[in-house]
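K.L.:
For reference, the structure I am asking about is given below.
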Amino acid sequence: MSAQPLSDSGTLESPVLSPVRDLRRVPIHPDHWYPLAWSKELKPGKTLGVRFAGEPIVLARTESGKVFALEDRCAHRQVPLHAGVVDGESIRCGYHGWTYDCSGRCIDVPYLGKERLPNGVRAYPCREVAGLVFVFPGNAALAEERPLPEFASVSDPAYKTRRFGREVKCHYSFMHENLMDMNHQFLHRRQMGQMQARSLGRRRGDDWVEVDYTFSRQAGKQPVGEALVFGSSKDRDQSDKSVMRIRTVYPYQTLQIRSTEGSLVMDLWIAYVPLDAQQRTNRTFGMLSIRKPGIPFALDLAWPLLVWFTERIFKEDRWIVEREQEAHDQQGADWNHEVFPVINELRDLLRSCGGRSVIPIREIGYDKGEC
Amino acid sequence: MSAQPLSDSGTLESPVLSPVRDLRRVPIHPDHWYPLAWSKELKPGKTLGVRFAGEPIVLARTESGKVFALEDRCAHRQVPLHAGVVDGESIRCGYHGWTYDCSGRCIDVPYLGKERLPNGVRAYPCREVAGLVFVFPGNAALAEERPLPEFASVSDPAYKTRRFGREVKCHYSFMHENLMDMNHQFLHRRQMGQMQARSLGRRRGDDWVEVDYTFSRQAGKQPVGEALVFGSSKDRDQSDKSVMRIRTVYPYQTLQIRSTEGSLVMDLWIAYVPLDAQQRTNRTFGMLSIRKPGIPFALDLAWPLLVWFTERIFKEDRWIVEREQEAHDQQGADWNHEVFPVINELRDLLRSCGGRSVIPIREIGYDKGEC
Amino acid sequence: MSAQPLSDSGTLESPVLSPVRDLRRVPIHPDHWYPLAWSKELKPGKTLGVRFAGEPIVLARTESGKVFALEDRCAHRQVPLHAGVVDGESIRCGYHGWTYDCSGRCIDVPYLGKERLPNGVRAYPCREVAGLVFVFPGNAALAEERPLPEFASVSDPAYKTRRFGREVKCHYSFMHENLMDMNHQFLHRRQMGQMQARSLGRRRGDDWVEVDYTFSRQAGKQPVGEALVFGSSKDRDQSDKSVMRIRTVYPYQTLQIRSTEGSLVMDLWIAYVPLDAQQRTNRTFGMLSIRKPGIPFALDLAWPLLVWFTERIFKEDRWIVEREQEAHDQQGADWNHEVFPVINELRDLLRSCGGRSVIPIREIGYDKGEC
């Protein structure tokens, strides 16, 4: 008996066996704003080469501070423009000096007359918000009408924000599922002790799904790191009614914790940007805002511990989702046997909001056949 | 003229040109007991992730010392169970805590009622013999009737046994051929001087083939390391009639040396276990038993030298068989031009006892066509 | 608008849009003499394993100093002969001792009678010229009639020669185009300052194309390294008429600088030898001869600076052509949009002189389709 999809008639939910698309082969939909870099990574007068789902994109910040995004290939010999030079408000390719303005138009070829300049390269809509450089990689005509994310807590002085993120070698969908299924507290048992999540209910809209949880401690006492992030357990013992809400609003995800009194004590915004064409690697951009406690500077003093704690948690998550991706690569299909309702709704959402094409994958495994 | 199979009419043996299966693409037959780990690698209360021909398998030793083997994938999200926790006589997955007993049955999902537990994972027959953990990866119904190897010398106090082995990046068949063709002494000329092997004859059964050799020194004097392993050349000069018998009993191999008086002075048992699905890497498990000489502790004192000597020999063998595999990868076919009769019989045996399917390989080379 | 071939009607030259072969998939033609090693790499009594377009070739130098080239695979088990032993005027395979003479004939198998020796391996015509070992990898019948390159400056005591080269991860055609298009001075702006190349005209024959340039400095002053290689700018200001001629004579390339008086001050010969079957890596063999100035030892004293300068230039060139290759790998086709006439003639030459087959490539990219 093998670990393939089962048709048990669990009362929670039966795994879907209809011929749905393999979620791990659904490309992220390009018609949204995606963060491709932190603002501080892009210095004045410099370029930065980034990627979105295999597309090379060069970000440039002119001396005047303006940021723009072009296809990261010179129209001439296809070498990356990010190896070139910012020259005034334009980029000059580092090979033969072809020059492009912020709209991608070729405005100079040093050894060619101005009247016979070739065409240029693609330009992408580009915005800077809350310390992130957002690019709209899809149909540029839709960029204006699509909203950029809002970051209320980040700009609110009542909160302190930690920016974090790393490359993670998996499809973005594993990231959404990891965060939304709080039964995975068992993974963090060394950091958090044994916590039991209880789902309070879930809701769904066209492009979003959310779920609420409360938590109770099964054994052990609360680690210090956790108290910092989620609040001290003095406030949330048996009578604790703190509620964690995890929400995917395509393509972003948020996690918010409200105290019993309804105050927002923690506010996480997070995005997972596919880097390679196969979308087997994503770069995670997270903004974790923590409400400052009454005592001045208490949170600042505790900050290094919070950084350490969140890094440990994130490292465990990264490790496990990369193992999920490896399993998919070897099995060549999605053998997941999901029984938790909100995760099945989330999977359905990611499928329906994703791109229409199918990511072609290389099969690594080998079907043994009979022996 | 290229190094392709030849049709010379050698009196020894003509290379077979009939459309036989490429031996390097014959999978090992799974209906045998294979060693997948040394006992000491599997600590009480711990797991160990191993592989057989691409199949991930988790070995677990419970606190009570019992060993069992399961498919190394949680039925839920396919992550490796070896990253989980041994809990009593079961394994708990490290992600969401799904729990399996030694038969692979799922006995707990923390957030699901016991009455609606999903199916589990595959279990493999598993036995511990002579410090090795054996698993039966094929049809479990055949496990009982298939014999486990016997290790008479290992348990005999008249012998001292060295356990050794490494990963070798080649198909298992190269390993069998390397050991059985003693004309490859030339490879070990730096370790052994110039030895000439003489074949005394060969025999074959349904699932075995064997050959006997005697040796004579061509030049130089006997190295100390060799004297330890094969006996001093004082005893085996011109009148020496020590006989080396090499035998493949599918899928294992043995090499035994008997002195002129018929006493078994060296007894090697060895197995080559494919790790990856393409079976281009094997893990070698060797048990080399040396009969202790009359002088107490003489062998113990000499042991470090023997270890050094056998490691050197094994390193040379490993290097050359990996070059054979590389050549096959580049040529995309088996261009071997074998002229030594017992090797051709061995190749035929490995083909006929192997799995029936064909290992799909990726062609690396490039056919130049005409220019 | 994407960086694909354009149909602009530039007066210089319109990119060719006819269904021509992708130049990056044209194999180099094997019916020429190619340098596969520096003479000093091949010691007396030793072997050296090299490659030409994926073909493994062993070079051997006997104790008497004779050099020969064979297929680098034993006819027996296909292991590399370069791991064997030079024995008199022959090579003995390191595995079972099969022995080959310089014509590739098998002259000994230690355990086989001389009367039943198997066939041998392929031999290649081989010559040593000017410190390079040349091999003719194609049709050996054509070797005699095909000329070896001449190296007049290398043997002329009026010149000092620097031998250099490295592996570069790109198709050989990128190397030819890089050197011939002197508008790429912009790439070396840090080493050379801003130089403007002016094309004086181009010529073409059946198997060659050449172009002449003069240079003028746009800004900054002449770096010392450049003065050494190209001559001091005192001699070549506004009235300077030094001419650089770059010539591809298939499959080699030369760059010569003549002073206003017509004296040859710099003479570079260079070849790019594909190493792998996909011809995505080449080994560059360069011989840079500089005419010695009147002052004795001046050039010797300046040599370290010249080495440093040329290494820096070569490193920049290597980096950029490897980016060109990467772009081709990702795009799966040649999107180059060449507007400089001599480069288009060069590309046409490389296509017409190259091998007739097509290099099969693996597509790495992923066509997103509609979303």
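K.L.:
Could you pull the copy-to-copy label distances for residue A:167, with points set 7 Å along Cα to Cβ, in nm to one decimal and sorted shortest first?
P.N.:
Reported distances to equivalent positions: 2.2, 2.2 nm.
K.L.:
If you don't mind, there's one more thing I want to ask. Of A:46/A:315; A:169/A:241; C:43/C:160; C:160/C:241, which pairs sit farther than 26 Å apart, going by alpha carbon to alpha carbon?
P.N.:
A:46/A:315; A:169/A:241, as the Cα separations exceed 26 Å there.
K.L.:
If you build the Cα gyration tensor of region A:24-145 and take the root of 5 times each eigenvalue, what three semi-axes come out, in whole angstrom, biggest first?
P.N.:
The three semi-axes for region A:24-145 are 25, 16, 13 Å.
K.L.:
Picking from B:297, B:103, C:138, whose Cα lies most toward the positive end of the charge dipole for the protein assembly as shown (charges on Cβ: Lys, Arg +1; Asp, Glu -1)?
P.N.:
Value computed over the given set: B:297.
K.L.:
Same structure again: Give the shape of region A:48-111 as rounded, prolate or oblate, defined through the alpha-carbon gyration tensor: a ≥ b ≥ c are the square roots of its eigenvalues, a/c under 1.5 means rounded, and otherwise the shape is prolate if a/b is larger than b/c and oblate if not.
P.N.:
Oblate.
K.L.:
Further question: What is the set of long-range amide H partners of residue B:98 at a cut-off below 5 Å, with H atoms built 1.01 Å from backbone N?
P.N.:
Those qualifying (amide H under 5 Å, at least 5 residues apart or on another chain) are B:93.
K.L.:
Lys/Arg Cβ at +1, Asp/Glu Cβ at -1, dipole of chain B taken about the Cα centre: which of B:29, B:151, B:358 is farthest positive-ward?
P.N.:
Among B:29, B:151, B:358, the one farthest towards the positive end of the dipole of chain B is B:151.
K.L.:
Next question, about the same structure. Place a +1 charge on the Cβ of each Lys and Arg in region B:152-355 and a -1 charge on the Cβ of each Asp and Glu, then give the dipole magnitude about the Cα centre in debye, rounded to the nearest 20.
P.N.:
So the magnitude is around 600 debye.
K.L.:
Still on this structure, I have one more. Label region A:152-355 by shape, choosing from rounded, prolate and oblate, from the square roots a ≥ b ≥ c of the eigenvalues of the Cα gyration tensor; if a/c is under 1.5 it is rounded, and otherwise prolate applies when a/b is larger than b/c, oblate when it is not.
P.N.:
prolate
K.L.:
Accessible area of region B:24-145 with a 1.4 Å probe: how many percent of it is carbon plus sulfur?
P.N.:
Here carbon and sulfur together make up 49 percent of the probe-accessible area.
K.L.:
Using +1 on the beta carbon of Lys and Arg, -1 on that of Asp and Glu, and nothing else charged, what's the dipole of the protein assembly as shown about the Cα centre, debye to 20?
P.N.:
Once rounded to the nearest 20, the dipole reads 2280 debye.
K.L.:
Calculate the radius of gyration of the Cα atoms of chain A to one decimal place, then report Dmax, the largest Cα-Cα distance, as a whole number, both in Å.
P.N.:
Looking at chain A, its Cα Rg and Dmax stand at 23.3, 78 Å.
K.L.:
Mind jotting down the distance between the C-alpha centroids of region A:322-359 and region B:145-162, whole Å?
P.N.:
49
K.L.:
Ignoring ligands, DNA and RNA, what accessible area per residue does the protein assembly as shown give at 1.4 Å, in Å²?
P.N.:
Counting only protein heavy atoms, the per-residue value for the protein assembly as shown is 42 Å².
K.L.:
Can you tell me the dipole magnitude for region A:24-145 around its Cα centre, using point charges on the Cβ only (Lys, Arg +1; Asp, Glu -1), in Debye to the nearest 20?
P.N.:
380
K.L.:
Nm distances between the label at residue B:65 and the same-position labels in the remaining copies, 7 Å along Cα→Cβ, shortest first?
P.N.:
With the label placed 7 Å along Cα→Cβ, residue B:65 yields 7.4, 7.5 nm.
K.L.:
Now a separate question. In nm, what does the list of distances from residue A:205 to its counterparts in the other copies look like, shortest first, when each label sits 7 Å along Cα to Cβ?
P.N.:
Copy-to-copy label distances at residue A:205, shortest first: 7.6, 7.6 nm.
K.L.:
Treat the protein assembly as shown as a sphere of radius equal to its Kirkwood radius over Cα pairs and apply Stokes-Einstein at 10 °C in a medium of 1.306 mPa s; give the translational diffusion coefficient in µm²/s, rounded to a whole number.
P.N.:
The calculation lands on 46 µm²/s.
K.L.:
If you take the accessible area of C alone plus A alone and subtract the pair, what total do you get in square angstrom, rounded to 100, with a 1.4 Å probe?
P.N.:
In total, chains C and A hide about 3400 Å² from solvent.
K.L.:
With a 1.4 Å probe on protein heavy atoms only, tell me which residues of region A:104-129 lose at least 10 Å² of accessible surface in the complex relative to the chain by itself.
P.N.:
In region A:104-129, residues shielded by partner chains: A:110, A:111, A:112, A:116, A:118, A:119, A:120, A:121, A:122.
The values are calculated or read from the model by the stated rules, or taken from the named source; none is laboratory data. Owing to the predicted nature of the structure, the values given are computational and were not obtained by experimental measurement. Neighbour counts run over all protein chains shown; Cβ positions are idealised from the backbone, glycine included. The accessibility values were calculated without ligands, DNA or RNA, using every heavy atom of the protein model including side chains. Shrake-Rupley method; radii C 1.70, N 1.55, O 1.52, S 1.80 Å.
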